[in-house]
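One structure below.
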Amino acid sequence: DNEVQIGHAIFDLLQKLETSNVPTTKLSLTGLDRGDLNKMVSDALGLYPRICKSLSDMVFQKTKGNPFFVLEFIQSLQSRDLLQYDSCQKRWVWNEDTIRAEEITDNVLQLLSSKMNRLSKDMQSLLKVMACFGTSTNKSVIGYLSESPEYLGVRNGLEGAISDGFVEVDTEGKFKFVHDKVREAAYNLIPDSDKKQFHYHLGKVLYSFCDGKDVGDTIFLIASQINHGKEWILGDKDLSIAIAELNMKAGEKALDGCDHKTAYSYFGAALSLLPNDHWRSHYDLSLRLNFLMAGAAKSCCQYDEAEQILRGISGRTRCFEDKLPSYLLLSQILRTQGNVDDAYNTCSFVLLQLGETIPDSVTPEAAKTMVEDTLKMYEEIYDDDWLERKMEGNTLRTLIKIYNVMAFSSYFCKSYSMVVYFTCKAVQLSLRNGICEHTPLSFLQFTGNETNDDDAVLCYRIAKNAMSLQERFDMATQIPELYFNFYGRIAWRFEPFQVCADNLRRGFETGLSTGDNDMGLLCAIHAIKSALFSGASLKSTLKEIDYYLHLLKTYKSELMKNALLISRETVSALIDKGEATSIEAKVFNNSSQEPVFFHQAYRAFWSGYTVRCHHYFEKCSQLSGQYVQFNPFVLKFYHGLNSLDVLKKKKSHTTRYKEVVRDAISAMKDAAAKSEWNFMNKLRLLEAEQQHLTRHHWRAIDLYDASIQSAKKSGFIHEQGLACEKAGFYYKRYGNNDKALEYFKQARACYDEWGSSMKVDFIKKEIDSLDVSGS
């Protein structure tokens, strides 16, 4: 069935798609059977099927019904006069005995090679050149080559190759082989011993015509061809440098297209062409090329290699300014590998070299004062004049970038106050000196760390202004980090959870395409969190998590893996208590405490374990004032709702639970004022349960219905079901079983749509008990 052998790239692609859970459909295209082939030959020759059956049987025996091979075989019979048109009989004729006696190969490749060996020199030259470039060739390449004396004939051979059916013009205007076998046969026209030199000479000719010109993607063809001649290139020092620069340009072009593996290959080829004393004789080229290679290695998850290159750069550079980009990239790589202390210390060293001092610690009071001063400075300085003021000097821009990196690293290895310190320093530096490409991120990190509800609206305005600054700079590579900070840490107070989740997924996709894998995966983790809060399909969310976990086999990060595994445990528990959807995977104990506590509490809430739920929510509350990973309003909502469940059962020791409820309702009122979409249903449900507790019946009924309608409007199917469930228990408590049954059935439908078999089974038991009691 296959025209390609095991080892072909298509099999590797299919395997990757399968392991990534990408649906694929395999179609087995067998050859024509004897009957269909007889009809094909009959139609081609204009004869009745019974007349040409003997010929079609011989064709089938040689070709096994492969349509392409059939056409080539019949054409070979005609070209050798074994199949002729008889003008007297006015029909095609053949001699079966003569055809059987002839040595006609049953290998299509040999058949094509034999046919090509009889072609003109120009056509053979064209086919050999095209075969070196793959299955298709740009018109521009043919044009460049036609200007060279060695390849004058390629343009002449093109018309014949098209008319003879070897080559065709595709929809993009490229010249392409009509079949892979044609390309293979054409490539075999070049003796194996000459192939390397043929490629090299072809590349040199193209290089001589294109050197110094912007040839677009053609630079890849030139570099790929000329790289075959490395042994000849190294013999000429000047040529070695020139081709090294060519490969560097090809690598940079590949980076522009987010093709990091190709860039990595070209940069590696360039480095291999440099002389042993390249740091002395070609310093600027060596510095740039090594830095580019380190960046490409990082994007390809070759972290050890990238780190080794960067440390080598720091030992070779002539001044500290040349070391700065390497130190910053090194800190990112160290952070990605989980070495956050080393990442922080690397940046600390850089700041000290730049004459900056860093405190060993910052008190919460000092951090609060810095925030107040920064907000005041923003209100005083931010205006149109400031927006037009560009920051001057590389040192200032580098300082802001370092502060941004240290703010992020501080979360993992320092206090929350240190995080605040660095974000404030970055923002103040920009406010004093003007904007640069690092200003938006510094503003976003600052507003993302600010937890004071009184400043929420101002911080959101600052963040929106920061996002609008993207238009002033080329910030494509920063999009993952910008989206992570804005949609993962700020926008949820004001914009729908679903919008945040969608944009975080865009941040993830951009991160992988631009090589910022670390930040892209952080966006993915927060996208899962937003999906969980918005009531997205649990089964779809589980598939999404498994997709990200699969990617982490390549983009290795234990921190990311732990976060995803914790989320997966929660989703699996919500679906079926993990009975059929759980996996064996260890979550490391060094995971950040907050997500672990939150997920434990969240699972306990939906499972009905009120005491356990309260225990873990209390642990989350004790972390208040620190860098908050999880939406504190969602946390307070479920904590408050759980406390109301406890209060319905307890008659004593209820002070703390009442405090939680009051705090939750107060927080929801503030949150709903900023985003009715995200929080109004939560406020109404808390109020309904409070009225239930205090036996204000009519008010409770109205609030339950208001919560249900609000959740439905916002698309929070899980919380719509939750409000229906609570309303059902309310009516059951007061003996209205018909109403209770109505609401329980609504809850079951919502939970079924959500994908939670656990909750469906729980509600079904309540429905069954009411049906039995009713009967």
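Kindly indicate whether Y144 is in contact (Cβ under 8 Å) with a residue 60 or more places away in the chain, surrounded by 18 or more Cβ atoms within 10 Å (Cβ to Cβ) and of a type in the set (F, W, Y). Step through it out loud before you land on a result.
Working: in contact (Cβ under 8 Å) with a residue 60 or more places away in the chain: yes; surrounded by 18 or more Cβ atoms within 10 Å (Cβ to Cβ): yes; of a type in the set (F, W, Y): yes.
For Y144, the condition - in contact (Cβ under 8 Å) with a residue 60 or more places away in the chain, surrounded by 18 or more Cβ atoms within 10 Å (Cβ to Cβ) and of a type in the set (F, W, Y) - is met.
Of all residues in the stretch 76-103, which are in contact with a helix residue (DSSP H, G or I) (Cβ under 8 Å, 6 or more places away or on another chain), open to solvent by 40 Å² or more (accessible area, probe 1.4 Å) and in a helix (DSSP H, G or I)? Show your work before the answer.
Step one: list which residues in the stretch 76-103 are in contact with a helix residue (DSSP H, G or I) (Cβ under 8 Å, 6 or more places away or on another chain), which gives 76-77, 79, 82-84, 91-92, 94, 96, 99-100.
Those still in the list that are open to solvent by 40 Å² or more (accessible area, probe 1.4 Å) too: 79, 84, 91-92, 94, 96, 100.
Matches in the stretch 76-103: S79, E96, R100.
Of the residues F209, F220, only one is among the aromatic types (F, W, Y), in a helix (DSSP H, G or I), under 26 Å from H260 (Cα atoms) and open to solvent by 20 Å² or more (accessible area, probe 1.4 Å); which?
Working: F209 fails: under 26 Å from H260 (Cα atoms).
Answer to the check: F220.
Quick check on T694: is it hydroxyl-bearing (S, T, Y), open to solvent by less than 30 Å² (accessible area, probe 1.4 Å) and at pLDDT below 95?
Judged against the criteria, T694 is not a match.
Identify, by number, the condition in (1) over 30 Å from S540 (Cβ atoms); (2) free of Cβ contacts under 8 Å to residues at least 12 places away in the same chain that F69 doesn't meet.
(2)
How many residues are surrounded by 13 or more Cβ atoms within 10 Å (Cβ to Cβ), more than 23 Å from R397 (Cβ to Cβ) and either among the β-branched types (V, I, T) or more than 37 Å from the chain's Cα centre (by Cα) (or both) if we restrict to the stretch 344-367?
Residues flagged as surrounded by 13 or more Cβ atoms within 10 Å (Cβ to Cβ), more than 23 Å from R397 (Cβ to Cβ) and either among the β-branched types (V, I, T) or more than 37 Å from the chain's Cα centre (by Cα) (or both) within the stretch 344-367 amount to 2.
Exactly one of (1) within 23 Å of F533 (Cβ to Cβ); (2) open to solvent by 20 Å² or more (accessible area, probe 1.4 Å); (3) over 35 Å from the mean Cα position of the chain (by Cα); (4) of a type outside the set (F, W, Y) is unmet by K713. Its number?
It is condition (3) that K713 fails.
For the stretch 331-410, give me every one of the helices (runs of 4 or more DSSP H) that falls completely inside it and has 3 or more residues that are in contact (Cβ under 8 Å) with a residue 60 or more places away in the chain.
Details: elements: 340-353, 364-381, 384-387.
The qualifying helices (runs of 4 or more DSSP H) are 340-353, 364-381.
Exactly one of these conditions fails for A536: (1) crowded, with 22+ Cβ neighbours inside 10 Å; (2) in contact with a helix residue (DSSP H, G or I) (Cβ under 6 Å, 6 or more places away or on another chain). Give me its number.
It fails just one condition, (2).
Being modelled with pLDDT of 90 or more, farther than 20 Å from L112 by Cβ, out of contact with any Phe, Trp or Tyr (no Cβ under 9 Å at 6 or more places or on another chain) and open to solvent by 20 Å² or more (accessible area, probe 1.4 Å) narrows it down to one of D214, D236, so name that one.
D236
Please name all residue pairs, on different chains or six or more residues apart, with Cβ atoms under 7 Å, provided the first residue is in the stretch 157-186 and is at positive phi and the second residue is assigned to a helix (DSSP H, G or I) and at pLDDT 85 or above.
G173/K139
Would you confirm, using the coordinates I've provided, whether D502 is part of a helix (DSSP H, G or I), in contact with a Ser or Thr (Cβ under 7 Å, 6 or more places away or on another chain), surrounded by fewer than 24 Cβ atoms within 10 Å (Cβ to Cβ) and among the charged types (D, E, K, R)?
Details: part of a helix (DSSP H, G or I): yes; in contact with a Ser or Thr (Cβ under 7 Å, 6 or more places away or on another chain): no; surrounded by fewer than 24 Cβ atoms within 10 Å (Cβ to Cβ): yes; among the charged types (D, E, K, R): yes.
No, not satisfied.
May I ask you to list the residues in the stretch 509-524 that are open to solvent by 10 Å² or more (accessible area, probe 1.4 Å) and either modelled with pLDDT of 95 or more or under 10 Å from the mean Cα position of the chain (by Cα) (or both)?
E509, T510, L512, S513, T514, D516 - these are the residues of the stretch 509-524 that are open to solvent by 10 Å² or more (accessible area, probe 1.4 Å) and either modelled with pLDDT of 95 or more or under 10 Å from the mean Cα position of the chain (by Cα) (or both).
Out of (1) at pLDDT 90 or above; (2) farther than 28 Å from G295 by Cβ; (3) not hydrophobic (A, V, I, L, M, F, W, C), the odd one out for Y548 is which?
Just one mismatch for Y548, condition (2).
Of the residues A723, A747, A700, which is of a type in the set (G, A, S) and touching a His at 6+ places or on another chain (Cβ under 6 Å)?
Values: A723 fails: touching a His at 6+ places or on another chain (Cβ under 6 Å); A747 fails: touching a His at 6+ places or on another chain (Cβ under 6 Å).
Sole residue among the options that is of a type in the set (G, A, S) and touching a His at 6+ places or on another chain (Cβ under 6 Å): A700.
Take the stretch 185-201 and flag every residue that is of a type in the set (A, V, I, L, M) and either under 37 Å from the mean Cα position of the chain (by Cα) or assigned to a loop (DSSP other than H, G, I, E, B) (or both).
First, pick out the residues of the stretch 185-201 that are of a type in the set (A, V, I, L, M): 185-186, 189-190.
Residues satisfying the conditions are L189, I190.
Given Y627, Y657, which one is open to solvent by 20 Å² or more (accessible area, probe 1.4 Å), at pLDDT 90 or above and hydroxyl-bearing (S, T, Y)? It would help to see each step written out before you state the result.
Values: Y627 fails: at pLDDT 90 or above.
When all the criteria are applied, what remains is Y657.
The values are calculated or read from the model by the stated rules, or taken from the named source; none is laboratory data. This one's a predicted model, so the numbers in the text were calculated from it and none came from an experiment. Positions of Cβ are backbone-derived with ideal geometry, glycine not excepted, and every protein chain shown enters the neighbour counts. For accessibility, only protein heavy atoms count, side chains too; no ligands or nucleic acids. Shrake-Rupley method; radii C 1.70, N 1.55, O 1.52, S 1.80 Å.
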